[in-house]
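The values are calculated or read from the model by the stated rules, or taken from the named source; none is laboratory data. Small disclaimer: the values here were computed from a predicted structure and weren't measured. Counting neighbours? That spans all protein chains shown, and the Cβs are built from the backbone with ideal geometry, glycine included.
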Amino acid sequence: MTQLSTPGPVDAPGFWLDDAGHRAWIAGDADRQFAFFRASLQSGPGFCTLDLAGNPLPTEVQELHTTTRLIHSYALGHLRGVSGADDIVDQGMRYLRSHHRDPQHGGYVWGLDGDAVSEGKKLAYGHVFVLLAGASARQAGHADADTLIGDVCDVLDRHFWDEEAGLFRDEFNRDWTPFSSYRGMNANMHGVEALLTAFEATGQEVFLQRAGRILDFFLARVAPAENWRLPEHYTEDWQIDRDYSGNPMFRPAGTTPGHSFELGRLLLQYWDLNGRPEDGSPDRARRVIEQALTDAWLEPGGGFAYTLEFDGTVRIASRYWWPVTEAIGAVASLIKLDRRPEDEEWYRRLWTFADRLLIDHERGGWFPELAEDDTPTSTQFIGKPDIYHSLQACLFPLEPGLSRYAETMIHMS
């Protein structure tokens, strides 16, 4: 297999997904990421977060999404035969049970500082990542996975799932008393990701059905009415909240094109798992992905604007790593389905940009944020936050299909 010093043969005809050199190159980056983030493992409970060089940051704060994403990522590593992956999965599964799990009220707390709860709120966003961790751990054969899946599903059913709407509610206090009527797309989008993985891991139809209901709301109802853009924030009765202006980093106003890439890819995964019906899903996925590519790509330097106004104009021009990783996965899915030259142009453009500015070739991992002069910066993120987004950018293109990645990883490892 040819090993390249760049992502692929820039001027060669064909598709990089078929090129042995490109496939070896992205597999090599995945391996470097697994090696880099292995330093997250520590002697005590939980994990440490890492600076740009891979050294532990001087904090004991641990958040639920970090714990669960490490479990998920290294469960994929286990399936690929990565040495030491099981150590990360085991540590994370123990930590979910011993620290994040709330023995008094049930559910999983968001933030910990050492052994103390620093943020006790119960968030749908965090709980769907617990489901993702459990489902991926089950695919990796972990002995505690079924217990975790059963527990978090009980919590999701009892508190978060709105059967009438077919969507997840967002947030409660630690004791499950309500403190807001906020509804959002982000938790539901990651809910789809977790539900589809849970279906693949268990075969239980309820997971597939719920994922379909969420996708129908956002991509069959909202997106066409909004010119294929996806508003982030909603009222309690699921009307678009155009005046919402919450946290500018984690709940920014307007639309977030990176989430369009994620939801478009997830729709194709669902459609594939659902038997590829003649229901227009591939066209809807393509339209929402293409709209985000067109709206958010910043010239002349490249990269995606973090947020947009409802009409597609740029709201926050900050450039982060994760929208690029999600665009790679989305465009790779489009290429697998229907190989078009325009998709290949985007695929090469995205990897070339990532290679030039985002991938840390020396140490592993991706730089999370770029300054205006294209150098790494840390205005919103400290260190390298996690492996999850950038790892999947490498692994999704390597798999032959649109779904059941874990099954094919076993045969390709």
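Observations
- Being farther than 21 Å from residue 72 by Cβ, touching a residue at least 24 places away in the same chain (Cβ under 8 Å), surrounded by 21 or more Cβ atoms within 10 Å (Cβ to Cβ) and not charged (D, E, K, R) is a property that does not hold for residue 156.
- Number of the exception - residue 258 against (1) part of a helix (DSSP H, G or I); (2) at pLDDT below 95; (3) of a type in the set (Gly, Ala, Ser): (2)
- Members of region 110-142 found to be in contact with a helix residue (DSSP H, G or I) (Cβ under 9 Å, 6 or more places away or on another chain), aliphatic (A, V, I, L, M) and more than 21 Å from residue 158 (Cβ to Cβ), listed by number: 112, 137, 140
- Residue selected from region 353-364 under the condition under 21 Å from the mean Cα position of the chain (by Cα) and in contact (Cβ under 8 Å) with a residue 40 or more places away in the chain, by the criterion surrounded by the fewest Cβ atoms within 10 Å (Cβ to Cβ): 355
- Region 231-249 - residue that is in contact with an Asp or Glu (Cβ under 6 Å, 6 or more places away or on another chain) and surrounded by 15 or more Cβ atoms within 10 Å (Cβ to Cβ) and, of those, nearest to residue 322 (Cα to Cα): 233
- Test result for residue 334, in contact with a Lys or Arg (Cβ under 9 Å, 6 or more places away or on another chain) and either among the aromatic types (Phe, Trp, Tyr) or under 27 Å from residue 243 (Cβ atoms) (or both): no
- All of 229, 221, 251 fail the test of being among the charged types (D, E, K, R), assigned to a loop (DSSP other than H, G, I, E, B) and out of contact with any His (no Cβ under 8 Å at 6 or more places or on another chain), apart from 229.
- Residue tally, condition over 26 Å from residue 35 (Cβ atoms) and either of a type outside the set (A, V, I, L, M) or surrounded by fewer than 17 Cβ atoms within 10 Å (Cβ to Cβ) (or both), over region 101-136: 23
- First in region 312-333 and in contact (Cβ under 8 Å) with a residue 24 or more places away in the chain and farther than 20 Å from residue 345 by Cα, second anywhere and of a type in the set (Asp, Glu) and not in a loop (DSSP other than H, G, I, E, B), Cβ under 6 Å, 6 or more apart: 312/295; 320/369
- Condition met for residue 91 (within 30 Å of residue 28 (Cβ to Cβ) and touching a Gly at 6+ places or on another chain (Cβ under 8 Å)): yes
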